[in-house]
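The values are calculated or read from the model by the stated rules, or taken from the named source; none is laboratory data. Given the structure is predicted, the values throughout are model-derived calculations rather than measurements. We place every Cβ from the backbone using ideal geometry, glycine too, and count neighbours over all the protein chains shown. For the accessible areas, the whole protein counts, side chains as well, though only heavy atoms, and no ligand, DNA or RNA atoms are used. Shrake-Rupley method; radii C 1.70, N 1.55, O 1.52, S 1.80 Å.
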Amino acid sequence: MKAPSLICIFLSSAIFPTASFVPLQEQIVATKPRSFLHPEPFVIQRSLPTLLYYRVHDESADDEHAISKLRTRAGPTFQRSDVSFPAARSPVVGINTPLIISLILNQLTILAFAAGITSAFIFFTGNQDFLSDGVLNWSGLNDAPSADFDLSITPLRFMQGVLGAMPTIALSLKIEQSDDRKFASTNFSTTLMVMTLFGRRRSNFRSQEKKIKMDILEPVTKTIDVAMLAAGLSILTGYCEEIVFRGILPHILKPILFHNSALACVSQAGLFALGHTSPKISKDENKTVGSIQFLNGLWAGVLYLLVGGDIVPCVISHALYDLQIFFFTWMAANDQIEYSCKKSMEPMPSDSFDEVKAIQRQLGTNLPEITMIKRVFFVFDEDKNGFISRSEVQRGVSYLEAEGFIVAPSQKTVDSVFDSCIRMREEHNIQVGSSIQNQLRFADFVRLFLTIKAVSASMVAPSQNKLGLA
């Protein structure tokens with residue numbers, strides 16, 4: 001059996017069930033958000049879209065098979081009528097232990113398959129240099145640190161790993177701030193992933209939520225518990241995936257690719273990207289995720305070569321990147337949830353009260369929906385300044401579409417609606433500060449939200465276009 005055949009066996013076993021190294025969010029989601037042709041896509045059957053709360057802790061849905069059958073990625077939400085408050089009850093722990101165990105086993109399985117591929121490669125090719133060079137050494141240097149399989153962490157290696165993580169984390173943060181629809185969808189999946197793994201953060205504000213009997217979501221999780229779990233998962237993933245993709249696979253590929261280290265580096269990045277795609281998600285999302293992971297894999301391969309064939313800085317860099325994804329995404333999501341909870345309990349902004357009441361009288365929009373729009377407004381308000389920018393609107397619309405709450409109009413259409421709301425405010429001589437002239441107040445956002453909802457409805461069925469928009 002030739003080496004390419006061995007690689008194909010490894011990939012097919014890894015991409016399909018039992019030994020999956022697809023992105024963590026895709027181990028959680030197996031169904032796309034609700035269809036564009038959902039029977040009643042714009043009837044609010046619950047208090048809020050699920051993206052504002054996230055999954056309910058359900059022991060019957062804590063394995064990958066059950067989770068794959070959830071109606072949406074986020075799981076159901078509690079309605080106010082569903083919530084009871086027993087006099088004495090300890091909060092349910094929010095950590096999804098069975099799923100985390102599954103992720104750990106998947107990483108260990110990847111490592112086991114890689115060991116099997118290595119043994120098969122040596123057996124069928126008789127390439128004894130593979131062992132004498134060092135299983136993880138494809139740098140061409142006999143004295144490379146990886147030649148002796150030394151995986152210890154020294155101050156120098158740690159510093160190299162920290163520096164190596166900076167470009168990938170910077171790229172990740174840049175993507176998070178992008179209002180491009182394809183990136184917003186990926187960001188939304190990542191947020192749901194971490195909330196599904198770790199649940200809602202335990203905070204002082206939750207007791208206030210219960211006191212006023214707002215919609216709540218069990219379970220809650222201590223921040224220190226999530227930090228420790230995120231660190232553990234990140235380290236494990238760093239070691240397993242780097243040993244496989246920046247160690248074993250390029251070493252196997254290099255003899256096939258004319259003993260060219262650059263080609264081996266590019267090829268392992270391609271395999272790393274392929275391993276992070278999934279048949280369970282859309283072609284566009286696969287393309288986005290694959291492109292991001294190709295760049296990450298390519299940089300990790302370059303880092304390996306830059307530090308003289310040492311895989312440990314790659315492991316550290318990978319672990320820091322995953323820690324940023326796991327822990328800091330979870331913290332940011334909880335910050336936004338708590339902010340939107342607090343602000344939505346406050347009275348309507350005074351500069352918008354009369355305008356919103358006029359909109360209600362004009363369109364017959366009932367108070368509960370205005371209350372819901374108020375909550376969405378503060379969920380969109382990522383910088384927490386009380387106003388909504390163009391980029392925040394674009395990202396928010398993408399999130400609503402990913403959750404199946406609307407069919408998102410094109411980005412050009414959303415920009416046009418945003419500009420129309422700004423013009424309407426100017427035509428009515430409503431003055432705002434110079435720093436927020438190109439941002440929306442709450443009243444402006446109500447107009448934008450209702451217009452986008454109507455345009456979205458018309459994309460499914462013109463008869464549902466209550467505002468009569470073209």
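Observations on the structure shown:
- For D310, the conditions (1) assigned to a helix (DSSP H, G or I); (2) buried (at least 24 other Cβ atoms within 10 Å of the Cβ) all hold with the exception of (1).
- Residue count for the stretch 271-285, restricted to those that are outside any loop (DSSP other than H, G, I, E, B) and open to solvent by 30 Å² or more (accessible area, probe 1.4 Å): 3
- Qualifying residue in the stretch 399-415 (condition: over 23 Å from the mean Cα position of the chain (by Cα) and basic (K, R)): yes
- Only one entry of S344, S261, S350 meets the criterion of being of a type in the set (S, T, Y) and closer than 30 Å to N127 by Cα, and that entry is S261.
- Among residues of the stretch 110-132 that are over 21 Å from H276 (Cβ atoms) and in a loop (DSSP other than H, G, I, E, B), those with a beta-carbon under 8 Å from a residue that is open to solvent by less than 40 Å² (accessible area, probe 1.4 Å) and aliphatic (A, V, I, L, M) at least six positions away or on a different chain give the pairs Q128/I122.
- With respect to (1) at pLDDT 95 or above; (2) closer than 18 Å to L99 by Cβ, the lone exception for G290 is condition (2).
- Within the stretch 133-184, considering residues that are aromatic (F, W, Y) and assigned to a helix (DSSP H, G or I), the one most open to solvent (accessible area, probe 1.4 Å): F158
- Filtering the stretch 344-366 to residues that are open to solvent by 60 Å² or more (accessible area, probe 1.4 Å), in a helix (DSSP H, G or I) and either of a type in the set (A, V, I, L, M) or closer than 30 Å to N187 by Cα (or both) leaves M345, L363.
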